[in-house]
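What follows is one structure encoded as C-alpha cells, with my remarks underneath.
The values are calculated or read from the model by the stated rules, or taken from the named source; none is laboratory data. None of these values were measured; they are calculated from a predicted model. Here Cβ is always computed from backbone atoms with ideal geometry, including for glycine, and neighbour counts include all displayed protein chains.
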Amino acid sequence: MAIEKNNLIDQTLQELNEDGIDRRGFLKCMAWAGTGLLWTISGGIPTSQAFGRNAAHNGKNGGDFTFVQISDSHMGFNKPANPDVVATLQAAIDKINALPTAPDFLLHTGDISHLSRPEQFDTVDQILKSASAKDVFFVPGEHDVLDDNGKSYLERYGKNTKGAGWYSFDKKGVHFIGLVNVMNLKAGGLGTLGGVQLEWMEDDVKHLKSSTPIVVFAHIPLWSAYPEWGWGTDDSAQALGYLKKFGSVTVLNGHIHQIMQKVEGNVTFHSAMSTAFPQPKPGTADSPGPMKVPAEQLKSILGITDVDYVRGHHSLAVVDSTLA
Amino acid sequence: MKKKNVWIANGVMAAMLAILLFLSLSQSTIAKAEPSPPASAQVKIDNFSFGPQTLTVLVGTTVTWTNRDDIPHTIVSTDGVFKSKVRDTDETFSFTFTKAGTYTYFCSVHPKMTGKIVVQ
C-alpha cells in the first residue's frame with residue numbers, strides 16, 4: 001500500500017500542477033515539502049489542488065476557524081540531522097504567527113521531547129508561549145512516555161484527559177478526539193490503542209450526529225503507512241469502525257516526519273512534517289532513523305500543517321507549509 | 001582425626017583418588033570440546049535492529065547492548081526478566097544470565113525491533 005502511494009507521488013504532483021485532482025471515491029497521494037496541498041472534502045468527494053510554496057492562503061476561506069498542527073519537535077535531539085531543534089521549533093512558531101489568519105489553537109501530535117526529560121518539556125512549553133494561539137492540545141509520542149510509563153507527561157499535559165491521556169472536545173460544531181497509541185507496545189507489534197481506550201471512544205462518538213465533522217489526532221499513523229517500520233496501529237481498524245457513520249472524518253498524525261496522505265471513503269488521513277528532523281520515505285533507507293540533508297535544505301523538509309474548517313460544507317482544508 | 005586416619009588406613013583413599021582422577025580427566029575432555037565460557041558478549045543496535053538478532057551464550061555470561069543509532073532505544077525482556085532504561089546514542093545496558101533458557105526481548109519504543117538470547 002505504502003509503496004503504491006510512493007509510486008504515485010510524481011504522477012500526483014504532476015497532475016496537481018496541471019489542473020488539480022478531482023476524483024471520486026478512493027484517492028491516495030503523497031506530497032513532498034515545497035508544495036503545499038489543499039484538501040477539501042465535500043459530500044464524500046475529495047478534491048484537491050496544488051499550492052505553490054508561496055501561494056496565498058486565503059485567510060479563512062469563509063471558514064469558521066483554523067487550527068495548526070505541529071509535530072515531533074523532539075526537544076533534546078542534538079545529532080547531525082538537526083543540531084538545533086530549538087531554532088526550528090521557534091521557526092515553526094514564527095511561521096504560525098505570520099499566517100494571514102491566526103489559528104484558534106494548536107495541536108501537537110507528539111514527540112514533544114526526545115527523551116521525556118522535564119527540561120525538554122519545559123523548553124517546548126516556553127517556545128509555545130510565543131505562539132499567537134494560546135491553546136495547545138497534545139497527545140503523547142513514544143518519546144514522551146519513556147521510562148516512567150507516561151507519568152510525567154500526564155502530570156504536565158494530562159489535565160482533563162482519561163487513561164494514558166486521551167480526550168475529546170468540541171469546537172464550533174467539530175468534534176476533536178485525541179488518542180494515545182504509544183503505550184504498552186507489544187513485541188513485534190505496531191502502535192496500540194487498547195481495549196479501554198477503544199471502549200471510551202465508542203461511547204464518546206455514540207451520541208454524535210452523523211453530520212458532525214470529526215477530527216482524530218494521534219501520534220502514530222492510524223492506517224498502515226508502512227508497517228515494516230512500525231508506521232501503523234494494530235487496532236486502528238476498530239477505532240475507525242466507530243466513525244463509519246460520519247460524513248467527514250479527518251485523521252491527523254505525526255511520527256513519520258513527512259507528509260503522507262490517503263483518502264479512503266469518508267476518511268482523510270494526513271501525517272505532518274516534523275519541526276525537528278526529516279525521516280526517509282518508506283523503504284528507501286536501512287531504517288527510519290533521522291535523515292541527514294545539507295543544512296541549507298533542512299528547513300524545506302520541516303514544517304507545519306494548517307487546517308481550515310468551513311461550516312456548512314463539512315469540509316476541512318489541510319495545507320502543509322515548510323519552514324523554508 | 002583419628003577416625004579419618006583410620007579411613008585412609010583402610011585404603012579408601014586409593015578409590016577416591018581414582019574417582020577424582022577420572023572426574024578431572026572427564027572435565028578436561030569437556031573443556032577441550034568447548035571453549036571456556038566467555039565472561040561477556042555484545043549486542044549492537046544499528047539501524048533499528050539488534051545484532052546479532054539471536055545470540056547464544058553460556059550460563060553466567062554478561063551481555064552488553066550498545067545503542068549506535070541516533071535515536072534512543074530500550075532493551076526489554078518479553079517475560080519481564082530484564083528491562084533497561086531508555087538508552088540514547090552510545091549508551092549501554094548489561095544483564096548477566098544466570099539461568100539457561102531462551103530470552104526474547106524487544107525495544108519498547110520501536111516494538112518491531114526484536115531479539116533473542118539463548119543461554120546454555
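Quick notes
- Those residues of segment B:64-120 which are over 15 Å from the mean Cα position of the chain (by Cα) and of a type in the set (D, E, K, R), in sequence order: B:R68, B:D69, B:D70, B:D79, B:K83, B:K85, B:R87, B:D88, B:D90, B:E91, B:K112
- Among the residues here, A:T268 qualifies as part of a strand (DSSP E or B), over 24 Å from A:I93 (Cα atoms), at pLDDT below 95 and out of contact with any helix residue (DSSP H, G or I) (no Cβ under 7 Å at 6 or more places or on another chain).
- Yes/no for A:M201 being within 17 Å of A:F246 (Cα to Cα) and not basic (K, R): yes
- Count of segment B:81-112 residues, restricted to those that are farther than 11 Å from B:F48 by Cα, within 12 Å of another protein chain (Cβ to nearest Cβ) and assigned to a loop (DSSP other than H, G, I, E, B), is 8.
- Within the set B:S36, B:S94, B:S108, the sole residue that is modelled with pLDDT under 95 and either surrounded by fewer than 17 Cβ atoms within 10 Å (Cβ to Cβ) or not β-branched (V, I, T) (or both) turns out to be B:S36.
- Among residues of segment B:55-80 being among the polar types (S, T, N, Q) and within 14 Å of another protein chain (Cβ to nearest Cβ), the one that is nearest to B:M113 (Cα to Cα) is B:T74.
- Hits in segment A:178-213 - residues which are modelled with pLDDT under 95 and crowded, with 17+ Cβ neighbours inside 10 Å: A:T212, A:P213
- Flag if A:I112 is modelled with pLDDT under 95 and of a type in the set (V, I, T): no
- Any hit, segment B:53-70, residues being in contact with a helix residue (DSSP H, G or I) (Cβ under 6 Å, 6 or more places away or on another chain) and at pLDDT 95 or above: no
- Condition check for A:S248: away from chain B (no Cβ under 14 Å) and touching a strand residue (DSSP E or B) at 6+ places or on another chain (Cβ under 7 Å): yes
- Subset of segment A:259-270 (residues that are in contact (Cβ under 8 Å) with a residue 60 or more places away in the chain and either in contact with a strand residue (DSSP E or B) (Cβ under 7 Å, 6 or more places away or on another chain) or buried (at least 24 other Cβ atoms within 10 Å of the Cβ) (or both)): A:I259, A:M260, A:Q261, A:K262, A:V263, A:N266, A:T268, A:H270
- Which numbered condition A:Q126 fails, given (1) in contact with a Ser or Thr (Cβ under 9 Å, 6 or more places away or on another chain); (2) surrounded by fewer than 24 Cβ atoms within 10 Å (Cβ to Cβ): (1)
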